[in-house]
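Report on the structure given below.
The values are calculated or read from the model by the stated rules, or taken from the named source; none is laboratory data. Given the structure is predicted, the values throughout are model-derived calculations rather than measurements. Methodologically, a virtual Cβ is constructed for each residue, glycine included, from the backbone with ideal geometry; neighbour enumeration extends over all protein chains shown.
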Amino acid sequence: HIAPTRADAPREAPETLERRLPRQQTEERPFRPRRVLLTRAARDWPMATRVAERAAAMGAEIVELKGDRITGLKDGDPRAEYRRAKSTLAVTVASDSKMRPEPIPPSADWRFDLATGCPAHCQYCYLAGSLKGPPVTRLFANLPEILDRLPPLEGQGRITSTDAARAAEGTTFEASCYTDPLALEPLSDCLSDTIAWFGQKHGDLSLRFTTKFADTESLEATPHNGRTRIRFSVNAEEIARRFEGGTAPLSARLAAMGRLARAGYKVGLTIAPIMPIDGWQDAYDRLFAQAAAELPAGADLTAELITHRFTPGSREVLLVWYPATGLEMDPEVRTVKRNKFGGRKYVYPAPLMKDMRQTLEAGIARHLPGARMLYWT
Ligand code: SF4
């Protein structure tokens, strides 16, 4: 089901081209931006100074922009533009409209953003087509203002009102819709500060986020008070290694999940994007066995299962970012789903979906019997 397809016939053998794509890291390495752009408004916040100092110590060029517009990213060559944006961190402030939380079922009651954009290079990236312009990471320095918007939403949201097990977590706030916040923690403390804020009980609120990074030392030391669920975005090893450039190795993510569970955090697996690669049944079974081996007894664990899908827009963007990708994005082998606005997305055909769902859910039940399954999509 994943015969490689490309918009254009490759001029070189796919293996040669694929070797040039960013690879998954073989060890844990922090995000080291080449350039940090500080907007004028961001420089009023302590986070901007912290990021500038830490990034400069790593060798980054620090640029103080004259105004609040992020400039200097455009390039006529889309590949050069991609590379420049991905190695740049812009520190800015979230505007009034950006600070407004949005409903985000089934993941959480509300979404809020610590940043938008991500320094990793997943060839199926969920952000492709949803964020406009070059894929730069924008970190919001006005975190106290962002958090101030959350307490008035206590008790509101579709999930708390319909799902009894999840209602016990209070009103839930998802921080990883448009970024991987753990990637930005070593430079900014944005995540440990947010976890500590939720831990201080500003109402019956909980934080959740998902990550493909694994440097969790600062999080383990943060007083979280049981108000945060940290999920690790994982996949069959073959998929993680081939398609998730610039992320932490799968084994490092699973080990981090074990450490956080031992530090008293609620944890979770975001199994995504599920793909029927050759031998997928065994590949996912190995993933669940590996996860089980890392977790302490009695860990509070959830599982979210998300199959691979794409839209015409995300496909177009991804083929510019990763022209040599071997990722299957072939509308011919997919089923079209339309949303209420007429937008199309391409998912796997129903019989295959059913087979994958039954197999993966059975694998989780076998290896991780304590896991609470939140949804399959
Ligand atoms: Fe995109 Fe998530 Fe990968 Fe970052 S970690 S590149 S947001 S899919």
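Scan the range 345-375 for residues that are of a type in the set (A, V, I, L, M, F, W, C), crowded, with 18+ Cβ neighbours inside 10 Å and in contact with a Lys or Arg (Cβ under 9 Å, 6 or more places away or on another chain) and report the count.
Qualifying residue count, the range 345-375: 1.
Considering only the range 167-178, how many residues are free of Cβ contacts under 8 Å to residues at least 60 places away in the same chain and either hydrophobic (A, V, I, L, M, F, W, C) or crowded, with 22+ Cβ neighbours inside 10 Å (or both)?
Qualifying residue count for the region: 3.
Output the residues belonging to the range 84-103 that are in contact with a Leu (Cβ under 7 Å, 6 or more places away or on another chain) and either within 10 Å of the ligand (Cβ to nearest atom) or not hydroxyl-bearing (Ser, Thr, Tyr) (or both).
Of everything in the range 84-103, those that are in contact with a Leu (Cβ under 7 Å, 6 or more places away or on another chain) and either within 10 Å of the ligand (Cβ to nearest atom) or not hydroxyl-bearing (Ser, Thr, Tyr) (or both) turn out to be Arg84, Ala85, Leu89, Ala90, Val91, Pro101.
Take the conditions in contact with a helix residue (DSSP H, G or I) (Cβ under 6 Å, 6 or more places away or on another chain), more than 30 Å from Glu304 (Cα to Cα) and more than 14 Å from the ligand (Cβ to nearest atom) and apply them to Pro78. Does it pass?
yes
Which of the residues that make up the range 205-245 are within 15 Å of the ligand (Cβ to nearest atom), of a type in the set (A, V, I, L, M, F, W, C) and in a loop (DSSP other than H, G, I, E, B)?
If the condition is that a residue be within 15 Å of the ligand (Cβ to nearest atom), of a type in the set (A, V, I, L, M, F, W, C) and in a loop (DSSP other than H, G, I, E, B), then Phe213, Ala214 are the ones that fit.
Search the range 54-68 for residues being without any contact (Cβ under 8 Å) to a residue 60 or more places away in the chain and in contact with a strand residue (DSSP E or B) (Cβ under 9 Å, 6 or more places away or on another chain), and hand back the single one that is farthest from Val36 (Cα to Cα).
Asp68
Just to be sure before I move on: is Glu169 more than 16 Å from the ligand (Cβ to nearest atom), acidic (Asp, Glu) and within 28 Å of Tyr284 (Cα to Cα) in the structure I sent? It would help to see each step written out before you state the result.
Values: more than 16 Å from the ligand (Cβ to nearest atom): yes; acidic (Asp, Glu): yes; within 28 Å of Tyr284 (Cα to Cα): no.
The answer is no for Glu169.
Taking the options Pro151, Pro106, Pro186, Pro181, name whichever one is in contact (Cβ under 8 Å) with a residue 60 or more places away in the chain and either more than 21 Å from Ser233 (Cα to Cα) or within 11 Å of the ligand (Cβ to nearest atom) (or both).
Values: Pro151 fails: in contact (Cβ under 8 Å) with a residue 60 or more places away in the chain; Pro106 fails: either more than 21 Å from Ser233 (Cα to Cα) or within 11 Å of the ligand (Cβ to nearest atom) (or both); Pro186 fails: either more than 21 Å from Ser233 (Cα to Cα) or within 11 Å of the ligand (Cβ to nearest atom) (or both).
Of Pro151, Pro106, Pro186, Pro181, the one residue that is in contact (Cβ under 8 Å) with a residue 60 or more places away in the chain and either more than 21 Å from Ser233 (Cα to Cα) or within 11 Å of the ligand (Cβ to nearest atom) (or both) is Pro181.
Identify, by number, the condition in (1) crowded, with 20+ Cβ neighbours inside 10 Å; (2) among the small types (Gly, Ala, Ser); (3) touching a strand residue (DSSP E or B) at 6+ places or on another chain (Cβ under 6 Å) that Gly245 doesn't meet.
Result: Gly245 passes all but (1).
Confirm whether Ala164 is among the hydrophobic types (A, V, I, L, M, F, W, C), surrounded by fewer than 17 Cβ atoms within 10 Å (Cβ to Cβ) and more than 10 Å from the ligand (Cβ to nearest atom).
So Ala164 fits the description; yes.
Residues that are crowded, with 20+ Cβ neighbours inside 10 Å, part of a strand (DSSP E or B), under 20 Å from the mean Cα position of the chain (by Cα) and modelled with pLDDT of 95 or more: does the range 318-334 have at least one?
Among the residues of the range 318-334, not one is crowded, with 20+ Cβ neighbours inside 10 Å, part of a strand (DSSP E or B), under 20 Å from the mean Cα position of the chain (by Cα) and modelled with pLDDT of 95 or more, which makes the answer no.
From (1) part of a loop (DSSP other than H, G, I, E, B); (2) out of contact with any helix residue (DSSP H, G or I) (no Cβ under 9 Å at 6 or more places or on another chain); (3) surrounded by 14 or more Cβ atoms within 10 Å (Cβ to Cβ), pick out the condition that doesn't hold for Ala85.
Failing condition for Ala85: (1).
If I ask for residues that are touching a strand residue (DSSP E or B) at 6+ places or on another chain (Cβ under 7 Å), modelled with pLDDT under 95 and within 23 Å of Glu145 (Cβ to Cβ), which ones from the range 69-107 would you list?
Ile70, Pro101, Glu102, Pro103, Ile104, listed by residue number.
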